[in-house]
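A quick write-up on the structure given underneath.
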Amino acid sequence: MRPPSRQSHGDSLRSRRLLLAGALALPFWRVTRAAGDVLHLYNWNNYIGDATLARFAAACGCRVRQDYYSDNEEMLAKLEAGAEGYDLLVPTGNAVESLIRRAALRPIDRERLPHFANLKREFLDPWFDPGNRYSVPYATSITLLGFNADRMRALGLPTDSWALIFEPECLEKIKGKVTVLNSQRELMAAAMRYLGHSVQERDPAKWEAAKRLILRAKPWWATFSNSTYIKDLAIGNIWVAHGYSNDMFRAREDAKAAGRPFAIGFATPQEGAVLAVDSFVLHRSGRRPDLAHRFIDFMLEGENAADVSNLIGAGNTNAAAMAHILPEIAGEPAIFPPPAMLPRLEMLRDFEPRLRRRLARMWTEIKVR
Amino acid sequence: MKRPNIWLWTASLAVYAFLYIPLAVVVIFSFNDSMLNAEWVGFTLDWYAKLLGDGEMLRAAANSLLIALLSSSIATALGAMAGIAMHRWRFRWLPFLVLTPVAMPEILLGVSLLLFFRQVLDLTLGFFSILVAHITFSIGFVAVIVRARLAGMDESIFEAARDLGATPWASFRRVTLPLILPALVAGFLMSFTLSIDDFVITFFVAGVGVTTLPLQIYSMIKVAVTPEVNAVSTLLMALTLTLILTASRFAPDVLRGRQ
Amino acid sequence: MNATRWLVTLPPTVFLLAFFLAPALIVVAASFREPGEFGGLAPFVAPSLEAYRFLFDDIIYAEIFARSFLVAALTTLICVVLAYPLAWLIARSPAKRRDLLVLLVILPFASNFLVRIYAWIMLLGPVNLLYTPFAVIAGMVYVHLPFMILPLYTNLEKHDPALLEAAQDLGASAWTRFWRVTFPLSLPGIFSGAALVFIPVLGMFAVPELLGGTGDMLIGNLIKEQFLDNRDWPLGAALSIMLTVAVLALAGLAAWGARRGLHGTEAVS
């Protein structure tokens, strides 16, 4: 046992200095400026261009503060538990429905949106919000297959079918080079489409069949991935990924920019796929519905609406935007699906708790077996 | 005293290497002239330039640092009290109260704190709610380490101090505090890293417009994490190193070393 | 001394009661309810054991628990082995260098978690170890190693070198000195380090998610999915409570064992 000594006293001095050092950090920290006119967005990261935001801020003489989420469910869980103060959210269809049913949204005042007419007809009056009382569609994405185009050509594999990730004869050639989404709904939806069923199917027997299909293919997959596949594809670690069209676009651009010796491609499987439509909605807790309406209308102008497509390769719900979208993006069928594909694209809808729990049990089995 | 032998040094260096090799990747790629960072392309300071123009990211980093320093200081104080209480008075229930927050999955802790703040206290989320949450999950770590430091220590020291008529405060200052100091420093550093790195709990309790670095970085996961994130991580480490080294420099006693 | 006792005990106790136990009770209550149709909770009718019944009826959940405990145990064991030499070295270094060495242990963790994990992806990818159980364990060890090193160091630092010298004078070999003197005395440090590694590993979901393969689901992932994928709060809460209870039971058991062990070591010192 070492008795307390002078040296230990030095220790105590030092630790007090340690705390004092905290004060040194203070100048680095600026207190948030006093309120004024501030619009609070709860949004996906990089979903609205900086220049566009700056233009809006200048036009309305206000500031825009953004907080970010990377997943609808994160956002829903946070709001459900009582978080508040967000004027605008940008959720996907089923999340919009959930928010409406939980009475969390403020109705849209169409009078204040003179540019509403710019929206494409096919995105109006959606099932999740009949009559667009609460939501204004903004951007779309498709859950599809991204791939290393050079590898696929060399191996002679089809890239426009879910067979690529479900059929053993395809998988044999790409063992350990495939990732699929770590999402029960998305992966099982892909399997359901491949089996010729709707993603809104309610018959448990059909879901069981989807589960068996997934379990059969699983030994060839590298992992379930929701985000790392972007980098893995662009680097070349992975040759095929099940994921979102925006992400594949990103992987393709990254690979191009980095001068990788191969190209990334992406395509919507012919069997059909999941379509996501993200919309602007007003959260009940928002303090500035006036600014929120101004912002939505600003974003409905063609030039501003085009942003999201040029920035991240998202599909666009705005007809006036099309003229402002880069031709190589506007002409990409995996971003802007041709009319013939539209009937085969389905949106995800929420199931009732009992079926949800049953599907979750299947998913656990998929992950563990 | 015998000098540590060569085997000990070799083994320790290997462990340091394990800790630092991934970190070297982080730092090196912050200077890499490639968005993708698959391979070395060329030296650039662009990512640092971009970072310095990124007000959101800098504000998030500053928030993180401030919250980490405050929460770990408070958690160290409270955790030390809990550790001492567990050691000296051996309350049966205290270890459970202290250990349960460590044992509770962080999502549950985050959701429960958010529910509590909003629906019971009706508190506006922000800086304070993040601070409280971080203290909550750090206390246990400090308490456990302080208790481990005290374990097996000779009670007679404390009794002797009391017998000599020292007030409880004086005996704490002169006896207990010097004894547990290394544990306090270690506990502070652990709380600091827990706080500065926490995403899940912070995600739930963060309020409008108050963001931390992990929140900012996680939201980029879908945008592709650019080397700007490597740059901010590198800077944060450099700043932490500077802060702590400056702190120990101000205390020249330390330099005298051990007798 | 009664006043001192409460002065020391009350602040942390009150803080934890207010900001941990009270909030925790809300979710404990949630585990006895039904999930709402569109998320959250269904209107309260009567307490329901449905979530627990669902979990107990199915062997698959027990399997995930068992596997998670195995991973946690393995991670803890590797952490002890890696932490020991380093903690020993730091404890035996001159005070001046000691501070720097401690700082060096913690410094990598001042960078960002996600960035470090991406670095691991970069390192493990080319050697074909990414998305394997190995990657999960390596990542878990990496993330939790400081929580073993620091308690162990604070414990070893207080050992009296004279004790080892005495043992040496008595002719004990280095090996014997370690196993008969140092190791038993460091047990409290190992136990507290083990608690700070083993327990958090059980709840961790990011490492298996980002580094693991198709079969590396752990209990932390399962809990996360109930809250952030499946919108089934009662099930998530029930799983969390089962995990917490299991961990506390284990900790109680370990503490009991440690107390017995400690009485043994006191005889040595």
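The values are calculated or read from the model by the stated rules, or taken from the named source; none is laboratory data. Quantities reported herein were computed from a predicted structural model and do not represent experimental measurements. Positions of Cβ are generated from backbone atoms using ideal geometry, with glycine treated the same way; all protein chains shown enter the neighbour counts.
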>> Here are the criteria: (1) touching a Gly at 6+ places or on another chain (Cβ under 6 Å); (2) of a type outside the set (Val, Ile, Thr); (3) under 23 Å from B:Val223 (Cβ atoms). Tell me which single one A:Lys231 does not satisfy.
In response: (1)
>> Can you pull out every residue in the stretch B:1-42 that is under 18 Å from C:Phe147 (Cα atoms) and in a loop (DSSP other than H, G, I, E, B)?
In response: none
> Which of the residues that make up the stretch C:147-168 are facing another protein chain (nearest Cβ under 7 Å) and either in contact with a Ser or Thr (Cβ under 7 Å, 6 or more places away or on another chain) or of a type in the set (Asp, Glu) (or both)?
Replying inline: C:Pro151, C:Asn155, C:Glu157, C:Asp160
> Do you know which of the residues in the stretch A:238-260 that are part of a loop (DSSP other than H, G, I, E, B) and in contact (Cβ under 8 Å) with a residue 60 or more places away in the chain is farthest from the other protein chains (Cβ to nearest Cβ)?
Replying inline: A:Trp239
> Within the stretch A:77-98, can you find the residues that are in contact with a Lys or Arg (Cβ under 9 Å, 6 or more places away or on another chain) and more than 12 Å from chain B (Cβ to nearest Cβ)?
Replying inline: A:Gly93, A:Asn94, A:Glu97, A:Ser98
>> Would you confirm, using the coordinates I've provided, whether A:Phe262 is farther than 22 Å from A:Ala104 by Cα and of a type in the set (Phe, Trp, Tyr)?
In response: yes
> So which residues in the stretch C:88-124 are within 21 Å of the chain's Cα centre (by Cα), over 12 Å from B:Pro22 (Cα atoms) and of a type in the set (Gly, Ala, Ser)?
Replying inline: C:Ala110
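Looking only at the stretch C:32-50, count how many residues are more than 8 Å from chain A (Cβ to nearest Cβ) and under 25 Å from A:Glu97 (Cα atoms). Steps first, please.
First pass over the stretch C:32-50, keeping only residues more than 8 Å from chain A (Cβ to nearest Cβ): C:32-33, C:41, C:43-50.
Now narrow it down to the ones that are under 25 Å from A:Glu97 (Cα atoms): C:33, C:41, C:43-45.
Matching residues across the stretch C:32-50 total 5.
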> How many residues does the stretch B:204-228 contain that are assigned to a helix (DSSP H, G or I) and closer than 11 Å to B:Gly126 by Cα?
Replying inline: 2
> What number of residues within the stretch A:32-43 are facing chain B (nearest Cβ under 7 Å) and within 16 Å of B:Ser219 (Cβ to Cβ)?
Replying inline: 1
> Just checking, which of C:Gly257, C:Gly189 is away from chain B (no Cβ under 12 Å) and part of a helix (DSSP H, G or I)?
Replying inline: C:Gly257
> Of all residues in the stretch A:310-324, how many are in a helix (DSSP H, G or I) and out of contact with any strand residue (DSSP E or B) (no Cβ under 8 Å at 6 or more places or on another chain)?
Replying inline: 7
>> Take the residues in the stretch C:34-54 that are of a type in the set (Phe, Trp, Tyr) and either at pLDDT 85 or above or within 34 Å of the chain's Cα centre (by Cα) (or both); name whichever of them is surrounded by the fewest Cβ atoms within 10 Å (Cβ to Cβ).
In response: C:Phe44
> If you scan the stretch B:97-122, which residues turn out to be in a loop (DSSP other than H, G, I, E, B) and within 10 Å of chain A (Cβ to nearest Cβ)?
Replying inline: B:Asp122
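Among the listed residues A:Ala234, A:Ala251, which satisfies the condition of being within 17 Å of the chain's Cα centre (by Cα), of a type in the set (Gly, Ala, Ser), surrounded by 24 or more Cβ atoms within 10 Å (Cβ to Cβ) and farther than 30 Å from A:Pro107 by Cβ?
Every option except A:Ala251 fails the conditions.
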> B:Val210 versus (1) within 16 Å of B:Ala62 (Cα to Cα); (2) touching a strand residue (DSSP E or B) at 6+ places or on another chain (Cβ under 9 Å); (3) surrounded by fewer than 22 Cβ atoms within 10 Å (Cβ to Cβ): which is the lone unmet condition?
Replying inline: (3)
> How many residues are surrounded by fewer than 21 Cβ atoms within 10 Å (Cβ to Cβ) and within 14 Å of chain C (Cβ to nearest Cβ) when one looks only at the stretch A:167-176?
Replying inline: 2
> If a residue has to be closer than 26 Å to A:Leu79 by Cα and more than 8 Å from chain B (Cβ to nearest Cβ) to count, how many in the stretch C:1-31 make the cut?
Replying inline: 6
> Taking the stretch B:65-91, which residues are more than 10 Å from chain A (Cβ to nearest Cβ) and either outside any helix (DSSP H, G or I) or not aliphatic (A, V, I, L, M) (or both)?
Replying inline: B:Ser71, B:Gly79, B:Gly83, B:His87, B:Arg88, B:Trp89, B:Arg90, B:Phe91
> Filtering the stretch A:57-76 down to residues that are part of a loop (DSSP other than H, G, I, E, B) and either in contact with a helix residue (DSSP H, G or I) (Cβ under 9 Å, 6 or more places away or on another chain) or buried (at least 24 other Cβ atoms within 10 Å of the Cβ) (or both), which residue is farthest from the other protein chains (Cβ to nearest Cβ)?
Replying inline: A:Cys62
> Within the stretch C:133-146, can one find any residue that is closer than 30 Å to B:Asp154 by Cα and surrounded by 16 or more Cβ atoms within 10 Å (Cβ to Cβ)?
Replying inline: yes
> Considering the stretch A:325-369 alone, what residues qualify as being in a loop (DSSP other than H, G, I, E, B), at the interface with another protein chain (Cβ under 7 Å from one of its Cβ atoms) and under 30 Å from C:Gly212 (Cβ atoms)?
Replying inline: A:Asp350
